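Comments concern the structure below.
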Amino acid sequence: MTGEKSPTAVSRRTFIKGVIAGGAAVASANYLFRASTLLGQSPVAALGERLIAITVNGQQRRVDVMKQETLAWTLRYKLGLTGTKLGCDRAECGSCTVLVDDVPHYSCSVLTHTVRGRKVLTIEGLASSDGKLHAVQRAVVDEQGFQCAFCMSGFIMSAVGFLKHHQNPTRAEFAHALSGNLCRCCDYNKILNSMMRAAEYTRKDAHA
Ligand code: FES
Ligand code: FES
């Protein structure tokens, strides 16, 4: 018996693989059906309404979005833009900050359906097409302002939004502007050093 494959063992293995695959398919179908019927829609009608186009980082992206889906979820898990981080998922930490029409928003608290026709900018869209980093990104690199950097993209996007209208802020004004972003490593002093450097680079870029 040793060394020989028993036909029974092979068919049992195939059978188990089939059960696992079938179970996964049934589970996804149940999820789809349940989510749709919870909203009082048939699954087929719901699918038509869920296919939308949104503008992210200058590109139109077609995506299947549930009515209750947040922008953070769509960006990360449908569009693969994982630079946007999910921390608290309830509008407290700012790690999910993106710009919507140039204004910082907590993407965990914005429904994706509400950004149709608006411009969404994430950390992935900041560098220019020739690869040059944005002034805020360059400043962060130069000042090494973060420790674990989980909060970094949220801080950067808030700073980018702020600097669009305040190119010569005081340190206190910048600290106030970033007060909606939390850093668990409490690296605030170094973060503010980076942001003041970012303001300096932004002014230089504007006069270049
Ligand atoms: S994850 Fe959005 S504010 Fe914390
Ligand atoms: S650097 Fe770690 S959370 Fe901010």
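The values are calculated or read from the model by the stated rules, or taken from the named source; none is laboratory data. None of these values were measured; they are calculated from a predicted model. FYI the Cβ positions are ideal-geometry reconstructions off the backbone, even for glycines, and counts take in every protein chain you see. Protein only, heavy atoms only, side chains kept; ligands, DNA and RNA dropped before computing areas. Shrake-Rupley method; radii C 1.70, N 1.55, O 1.52, S 1.80 Å.
Remarks
Residues checked against (1) within 16 Å of ligand 2 (Cβ to nearest atom); (2) not aromatic (Phe, Trp, Tyr):
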| site | (1), (2) |
| --- | --- |
| Lys67 | no, yes |
| Leu71 | no, yes |
| Tyr77 | no, no |
| Lys85 | yes, yes |
| Ser95 | yes, yes |
| Asp130 | no, yes |
| Val136 | yes, yes |
| Glu143 | yes, yes |
| Phe146 | yes, no |
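- If you check Ala45, Ala35 for being at pLDDT below 95 and open to solvent by less than 30 Å² (accessible area, probe 1.4 Å), only one passes: Ala35.
- Selection count, region 138-158, where residues are within 22 Å of Ser128 (Cβ to Cβ), within 15 Å of ligand 1 (Cβ to nearest atom) and touching a Lys or Arg at 6+ places or on another chain (Cβ under 8 Å): 2
- Applying the set (1) out of contact with any strand residue (DSSP E or B) (no Cβ under 6 Å at 6 or more places or on another chain); (2) away from ligand 2 (no atom under 16 Å from the Cβ) to Gln60 leaves exactly one unmet item: (1).
- Subset of region 100-124 [within 25 Å of Asn168 (Cβ to Cβ), touching a residue at least 40 places away in the same chain (Cβ under 8 Å) and not charged (D, E, K, R)]: Val103, Pro104, Leu121, Ile123
- Residue within region 72-80 that is more than 16 Å from ligand 1 (Cβ to nearest atom), among the charged types (D, E, K, R) and at pLDDT below 95 present: no
- Number of the exception - Gly161 against (1) within 16 Å of ligand 1 (Cβ to nearest atom); (2) small (Gly, Ala, Ser); (3) in contact with a helix residue (DSSP H, G or I) (Cβ under 6 Å, 6 or more places away or on another chain): (3)
- Pair list, Cβ < 7 Å and 6+ apart or interchain, from region 47-67 residues that are within 18 Å of Ser107 (Cα to Cα) to residues that are hydroxyl-bearing (Ser, Thr, Tyr): Ile54/Thr112; Val56/Thr122; Asn57/Thr122; Val63/Thr74; Val65/Thr74; Val65/Thr112
- Scanning region 174-194 for residues that are surrounded by fewer than 21 Cβ atoms within 10 Å (Cβ to Cβ), at pLDDT 95 or above and of a type outside the set (A, V, I, L, M, F, W, C) gives His176, Ser179, Gly180, Arg184, Tyr188, Asn189, Lys190, Asn193.
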